[in-house]
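J.: Below you'll find the structure I mean.
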Amino acid sequence: MKKEIAIFILLSVCFLTYSQNEAEIYTKIYKVYIEKLKPPNIDYSFGATVTVLKRPIYMSKLDTNAYARFRDKYDKLEKKTFNNFIIENQSELHFNKIAVKGIEIVMLENESVPSWKDIISKYPNWIFSIIELSNIGFNEKADQALVYYGFDSGPGVGGGFYLVFEYRGRQWKCIRVIPGWAA
């Protein structure tokens, strides 16, 4: 019985650690990348609305065979981080993972994205982009992470990046940006 309780406590601590790590990483992505997409003529004093696809479009073309290409861009990317990233992204992104304080997150189904006009009329504080975020892959020590971020701001305006984070000095820092696509 004591062994089962110890395992349960250990798993709970690991889950909370991963959840806190995910929250910190998604918040950093918001502050560094997504906030820059805000149009200057909208009053965001009452908050902002971010629309996020449940499954990044570009991710469907990625599998474990792509590790060498990623390693060429960042030679310290651990294979365990990359493989965990691929495994984690077999499922859809869930709202509770990407919640950022003060930001309304609207999850969009990939098959039924509303028109921009419909989104603007429903969410007047919308940041004018459809965002793609992936689930985060971690290494075994949970001190290296890989996540995908992309945005579509209209015809011919968008891009996607793989971000490598490392836990340094009590915080997550983006160490490398690996290009995925650009429009």
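J.: Let me make sure I get this right: for the chain, a, b and c are the square roots of the gyration tensor eigenvalues over alpha carbons, sorted descending. Under 1.5 in a/c it's rounded, otherwise prolate if a/b > b/c, else oblate. Which is it? Don't jump to the answer; show the numbers that get you there.
T.: On the way: a/c = 1.90, a/b = 1.44, b/c = 1.32.
Since a/c reaches 1.5 and a/b is larger than b/c, the shape of the chain is classed as prolate.
J.: Between 95, 128, 165, which gets the highest mean-square fluctuation from a Gaussian network model of the chain, Cα cutoff 10 Å?
T.: Of 95, 128, 165, the most mobile in the Gaussian network model is 95.
J.: Over the stretch 2-182, what is the percentage of antiparallel beta bridges among all DSSP beta bridges, to the nearest 5? All intermediate terms of the calculation are to be shown ahead of the outcome.
T.: Details: 25 of 35 bridges.
Just about 70 percent of them are antiparallel.
J.: Given DSSP loops and a limit of at most 16 other Cβ atoms within 10 Å, what is the longest stretch of the chain that contains no such trypsin sites (Lys or Arg not before Pro)? It would help to have the intermediate numbers written out before the result.
T.: On the way: sites that count: 54, 76, 101, 141, 170.
My reading of the result: 1-53 is the longest stretch.
J.: Then there is this: Take the Cβ-Cβ distance between residue 23 and residue 140 as r, set R0 to 25 Å, and report the resulting FRET efficiency rounded to the nearest 0.05. Walk me through the numbers on the way to the answer.
T.: On the way: r = 20 Å, r/R0 = 0.81.
It comes to 0.80.
J.: If I fit a long axis through the Cα atoms of helix 79-88 and take the longest principal axis of the Cα atoms of the chain, what angle between them do I get, 0 to 90°, rounded to 10?
T.: The angle comes out near 60 degrees.
J.: Cα centroid distance between the stretch 44-99 and the stretch 152-181, in Å?
T.: 10
J.: 7 Å from Cα along Cα→Cβ at both residue 74 and residue 115: what's the point-to-point distance in nm?
T.: So the label points at residue 74 and residue 115 sit 4.0 nm apart.
J.: Suppose R0 equals 30 Å. What FRET efficiency, 1/(1 + (r/R0)^6) with r the Cβ-Cβ distance, do residue 104 and residue 175 give to the nearest 0.05?
T.: Details: r = 30 Å, r/R0 = 1.00.
That gives a FRET efficiency of 0.50.
J.: Would you mind computing, in nm to one decimal, how far apart the modelled labels at residue 168 and residue 42 are, each placed 7 Å from Cα along Cα→Cβ?
T.: My value for the distance between the label points is 3.4 nm.
Bear in mind these aren't lab numbers, they're just calculated from the coordinates by the rules spelled out. What you see is a predicted model, and the numbers here were worked out from it, not measured in a lab. Heads up, the Cβs are rebuilt from the backbone with ideal geometry, glycines too, and the neighbour counts pull from every protein chain shown.
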